[in-house]
Structure formats: C-alpha cells, structure tokens
1. In debye, nearest 20: dipole of the chain around its Cα centre with unit charges on the Cβ of K, R (+) and D, E (-)?
2. Anyone know which of 101, 113, 13 comes out most mobile in the 10 Å Cα GNM of the chain?
3. Can you bin region 201-260 into rounded, prolate or oblate? Criterion: square roots of the alpha carbon gyration tensor eigenvalues sorted a ≥ b ≥ c, rounded for a/c under 1.5, prolate for a/b above b/c, oblate for the rest.
4. Would you work out the relative contact order for the chain, in percent, from Cα pairs under 8 angstrom that are 6 or more residues apart?
5. What's the center-to-center distance, using Cα atoms, between region 180-225 and region 280-306 in Å?
6. Which one, 250, 242, 211, has the greatest fluctuation when you compute a Gaussian network model over the chain with C-alpha springs under 10 angstrom?
7. Can you run phi through the Karplus equation (6.51, -1.76, 1.60; θ = phi - 60°) for region 260-269 and list ³J(HN,Hα) in whole Hz, with x for Gly and Pro?
8. When the chain is modelled as a GNM with alpha-carbon springs shorter than 10 Å, which of 170, 133, 186 fluctuates the most?
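Values in this text are rule-based calculations from the coordinates and carry no lab data. As the structure is a computational prediction, the values presented were derived from the model and not from experiment. Positions of Cβ are backbone-derived with ideal geometry, glycine not excepted, and every protein chain shown enters the neighbour counts.
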Amino acid sequence: MVKKNITLGEFIIKNQASFQYSSGELSRLLNGLRLAAKVVNHEVNKAGLVDIIGEAGDVNVQGEDQKKLDVLANEKFIQTLSKREIVCGIASEEEEDFISINSYDEKHQNKYIVLIDPLDGSSNIDVNVSVGTIFSIYRRVTPVGTPVTLEDFLQPGRDQVAAGYIIYGTSTMLVYTTGDGVQGFTLNPALGTFYLSHPNMEFPETGNIYSVNEGNYVHFPQGVKDYIKYCQKEEDDRPYTSRYIGSLVSDFHRNMIKGGIYMYPKSSVSTNGKLRLLYECNPMAFLAEQANGKASNGKDRILDLKPTELHERVPFFCGSRKMVEKAEEFMAAHN
Ligand code: AHG
Ligand code: MN
Ligand code: MN
Ligand code: MN
C-alpha cells in the first residue's frame, strides 16, 4: 500500500529502487517532466488573461492549425528535457521529425527516448475546458554514444518504461506509471508542489459511461454503430451515460475514476481514426493496463502493435476491461 501525503519528488526517490533499470536517471527524467508540467500549467492557467490564445498561424505536421499554447508547451517540454543529460531523443506531435540530443559521440551516455503530445485537447483552450499533456518513455535500442535513429522511436508500446499525463483541470494532476501501478498527484498551486492524492488508481471492471464523438456516427463501421446502440438500449444497467469532452486526457481520467469506455474508431473519412499511436494511444494504453483496464484497436492489444512511422494513427478503444471486451465483440461480429 502506497503511503499518502508525500510529494511527487519524495515518491520518485523512494520508488527508484523498483524501476526495471534501477538508476537515478529515470528519476531525474521524471523530475524534469514535473518541472515542465508546472511551467506549462502556469501558462495554461493564464490563457484567458494574456494574448496567447488563438491560432499561432502555423499548421503542424498533422495538418491542424496550431494553437499558441501547443507551440509553447512543445517548446517548454523540449527545453526542459534537453537540458538534462538523460534524454537522447524526443519526438513530438508538433514536430515533423524526431530531435536528437547529444547523442552523437561517446562521451554522451543519454539513454532515454521521450515521445510527447505537449498539449492534448488544444481545441478546448479557447473555451476554458480541461486540456492535458501526454508522455511516453523508452530506453533507446541503438547503442549509447551513437546517433539515435527512427528505430529508437518505433518501439512497441509494451517496451515503455514509463508513461503518464498531466491534466490541467479544476486542479492540475500528474498521473504516471513506471510499470508498477498508476499513481496520481495533485498540484498544490500555493506551494507549487505535487502531492500523492490518488494512490494505485484503477479502472472499475465495468462502468456506465461511453465517450465517443457521436457526430461521426454515420461514418463509423457497423460494429461500432451496433455497440453504440447497445450502450443506449434500455436493458440491465443500460442505457449508459454519454460523456465526451474532446480531450483524450480528460475523458480517460474521468473514465478511470468512474468506469467507462473511450472510443475513437476508424471511419469512412479517416481510415485509421485520429489518435496517434506513439503520442496518445501507447502511453494511455500502458496506463490503462497498469490500472486494470484495457486498450485495443478494436481487435488487437495496442501495446503489441509495431509502429511503422512517427505520426501513425490508430483506432482506439480504451477503458474498463469488460466494456472494451464488449465493444470488441460487436466489432468481431462484422469481420
Ligand atoms: P490534440 O489536441 O493533441 O491534437 O488531440 C486531440 C484529440 C484528442 O485529445 C481528442 O479526444 C480528439 O482529438 C478529439 O477529436 P474530435 O474533435 O474529432 O472528436
Ligand atoms: Mn493536435
Ligand atoms: Mn492529443
Ligand atoms: Mn496535442
């Protein structure tokens, strides 16, 4: 049982010994993310006050208009992570190519690869709705002291050593796993300190919330349509409640606490859905499994997929185990 009332900094140090590769490096990396989270939190909180909301004018590699805070959050995380002698490569939703950090010569022993969605749910900023940051951490597979390559970034999700998110909501939380359960920390804004508030987070086995952008219903595969109708049917504990924020982090967080399923299926207009395997689905799938939940592409386990490109998209079904299994059953009926 994890002891409450401790800070994130204390928790990281205390649990260092249980990391798969028990060195102080991952701890320092997590501390770097903690710091960047506080900086970005500060910026997100003043979004309504200063002139940083609205489009930045650029279009990012995903073909989306980039918001100013996307750019800012991207910069802050990259800056913070690059300064520490731990990370050798970063890939971001907002960057076309991966970034190599001090990985060119033998004297640099940096081992960790970080993939980030610096600001998730960015369309919600202008309307004062919760947004987040998602991160995913691997050890490099190529030798230290040599330049990182694409291969270091295209590892299957099951090889993640840590993953987590920050949610900038009614309170700011940092939730993460190093493969030993999921721990949630809440920021005390007066002190600038994260405290362990949600030890050992777990998805209820089943729930009564389904989260999907139903505006896309006509474009969904028949199995998904049938599952949505099942959710709405008056029978047993149904109809379920529909809740969709449009920030994956926020929808996931609520479903983990209350029990529910999040879906971003493929459709006739987006053949692989919308969510990105490396920056969104893999880290959330790792958290989900560590929290007794489940994550799949409708058929296969997300964490077993072998990525083929940095910005690859994948259909995503994630949440309470029994609900994801039920959705898979409906989809299997139409194969
Ligand atoms: P991002 O803001 O990082 O581009 O991600 C947005 C994602 C995800 O957070 C959310 O669940 C989904 O896009 C919403 O998409 P729709 O507006 O198509 O429902
Ligand atoms: Mn985006
Ligand atoms: Mn996102
Ligand atoms: Mn984003």
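1. In total the dipole reaches around 960 debye.
2. 13
3. It comes out oblate by the Cα gyration axes.
4. 16
5. Using only Cα atoms to place each centre, the spacing works out to 13 Å.
6. 242
7. Per-residue couplings from phi come out as x, 10, 10, 9, 10, x, 6, 8, 5, 9 Hz.
8. 170
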